[in-house]
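J.: Just passing along the structure, written as structure tokens.
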Amino acid sequence: MLPPYAMKMDGDTWGEYLFMDVSLCRRNSYFWLRGGIFLLFCVFFGGSISVRAADTVERFDENILWFQSAQSFTEKASGAFRSSLEERGILPEESEDDRRFRTFLETLVGEAPIRAMIPALVERDRETAAFLVSIARKESSWGEHAPSKEGGDCFNYWGYKGTGSRGTGMGYACFASPEEAIDTVGNRLSKLIHEKKLNSPERLIVWKCGSSCEGHSPESVSKWISDVRSVYSKFVPEISRADSSDSRYTEVALSL
């Protein structure tokens with residue numbers, strides 16, 4: 001039924017009314033057409049984005065194996081993330097004792113350069129690890145003041161003489177990695193501690209003096225022992241807690 005005002009329109013006015021009505025219909029059609037195209041775009045590309053996100057996660061799971069050999073990855077992995085990697089079998093699972101010791105070391109050294117050596121330190125027996133950390137604190141402030149070569153860290157935080165795989169730097173052994181440093185210096189300290197029974201800061205003064213302390217002042221000798229002891233004493237509970245049944249740990253007398 002036509003609206004009342006249409007009944008009174010002449011031919012020309014009636015034509016304008018029809019034209020206006022058809023134009024309005026077309027505009028409405030265009031609106032719904034555009035709306036439909038937009039919805040299809042969202043559905044299609046939204047699904048595509050979801051697929052791409054899933055594909056990215058899958059590729060991450062595959063490629064993350066590459067990071068297993070990257071030192072920086074294992075150094076900086078948080079406890080929660082490391083646990084996730086262990087569950088996936090990407091990293092070997094830590095024992096409860098190792099996990100506790102790693103957390104202890106992270107808390108102790110904070111963000112000092114020696115933090116990069118924590119994974120290697122955890123693999124050493126607790127007595128050797130204790131002296132590695134204690135002497136490094138005295139000799140280099142845990143790597144803050146250490147030898148370098150060609151602008152690169154020599155990872156020698158103990159004043160260790162000799163040579164590393166990178167030769168020498170500033171008169172001291174220059175190592176290529178934290179692992180090499182812990183392996184070389186740790187083996188030397190382990191021999192002194194376990195074979196020579198130099199298992200206290202007083203006895204390990206040979207690290208500073210060599211065979212004799214005659215060339216050093218009594219004050220400097222006393223200060224070295226005191227500074228090393230101040231850190232070493234924090235390790236006593238960890239050393240005592242070490243599982244004697246683990247073949248990596250050697251039971252030694254603690255002499256403080």
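None of the figures in this text is laboratory data; all of them are computed from the coordinates on show. Note that the structure is a prediction, hence the values are computed from the model and not measured. Quick reminder, even Gly has a Cβ in these numbers, built from the backbone with ideal geometry, and neighbours come from all protein chains shown.
J.: Determine, for each peptide in 104-114, 216-226, 134-144, the mean count of other beta carbons within 10 angstrom over its residues, then list the peptides with the highest first.
T.: Values: 104-114: 16.2, 216-226: 13.1, 134-144: 20.9.
Going by the mean number of other Cβ atoms within 10 Å, highest first, we get 134-144, 104-114, 216-226.
J.: What is the spin-label model distance, in nm, from ALA176 to GLU123 if the labels are put 7 Å beyond Cα along the C-beta direction?
T.: 1.5
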